[in-house]
Amino acid sequence: MGILNLKNTTANKFIKNELKADSSDKEFEVKIIKRVGVLAELSLIQTYDFTKRLSKGLNLEPEDLKVCLFDQAGKDTAPEFYQYCSEKDFGFFGKIKSEALNKFVSRDFDLLVNYCDPKLLFPKVIMLRSAAKMRAGFENEVNFFNDIAINVPGNDIDGFNRELIKYLQILKLIK
């Protein structure tokens, strides 16, 4: 068993332990969304940078939206104005080794939105380790940690964002 397989196995164990410890009776401290974290795959941002539309839809200033890009290939090719991470930034049991990534997950976001493929392992670890008050992402049975799970066909980012904004307006969390 290679070191990467061992990292994946122990990260999966961390996720399963979190699933067992999940308390679904969670109360939210969020009164209004002011700070948003975005976790997305590098390949998505390279083809379509949706962050300006998202910040406008959430009535946020650009500095209130922090983006972390996950590069599955680990090629270190992210645009320099975005934070970047890959599997290299993780140790055993999903422990984060990168200081920059630790800073991102410890930020007190009102909302953390995951645009990564639900099958990817390490973005799940980031979501679980995050100090965000509320989490949103694509609907998937393995993403039990999402407080808001949105079902959209395919990879319809604009549709996802419209639904997310609609739900947040219904909950009176955005103006």
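Bear in mind these aren't lab numbers, they're just calculated from the coordinates by the rules spelled out. On a predicted model such as this, the values are computed, not experimentally measured, just so you know. Glycine gets a Cβ as well: all are built from the backbone with ideal geometry, and neighbour counts include every protein chain shown.
Data overview
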item: Extension reserve of the residue 88-residue 32 stretch, reckoned as 0.36 nm per residue once the Cα distance is removed; result: 16.7 nm
item: Cβ-based exposure ranking for 135, 53, in which fewest neighbours within 10 Å come first; result: 53, 135
item: Under 5 Å, built H, 5+ apart or other chain: amide partners of residue 96; result: 91
item: Label point distance in nm, residue 81-residue 6, each placed 7 Å from Cα along Cα→Cβ; result: 4.2
item: Over the chain, relative contact order from alpha-carbon pairs under 8 Å, at least 6 apart, %; result: 25
item: Footprinting exposure proxy for 107, 129 (fewest neighbouring C-beta atoms within 10 Å first); result: 107, 129
item: Taking the range 85-129 and dividing mean pair separation by its residue count, relative contact order in percent (alpha carbons under 8 Å, at least six apart); result: 33
item: Amide H partners (placed H, <5 Å) of residue 150, local residues excluded; result: 137, 138, 139
item: For the range 119-175 versus the range 30-80, the gap between their alpha-carbon centres in whole angstrom; result: 13
item: Packing-based exposure ordering (other Cβ within 10 Å, fewest first) of 134, 127; result: 134, 127
item: Extension gain, residue 163 back to residue 99 (0.36 nm per residue minus Cα-Cα distance, nm); result: 19.7 nm
item: Full-stretch length increase - residue 140, residue 172 - with 0.36 nm per residue and alpha-carbon distance subtracted; result: 9.0 nm
item: Links that overshoot a 20 Å alpha carbon limit, given the list 34/172; 66/133; 66/124; 88/124; result: none
item: For the chain, share of DSSP beta bridges that run antiparallel, in % to the nearest 5; result: 5
item: Cα long-axis angle, helix 3-21 against the chain (0 to 90 degrees, to the nearest 10); result: 50
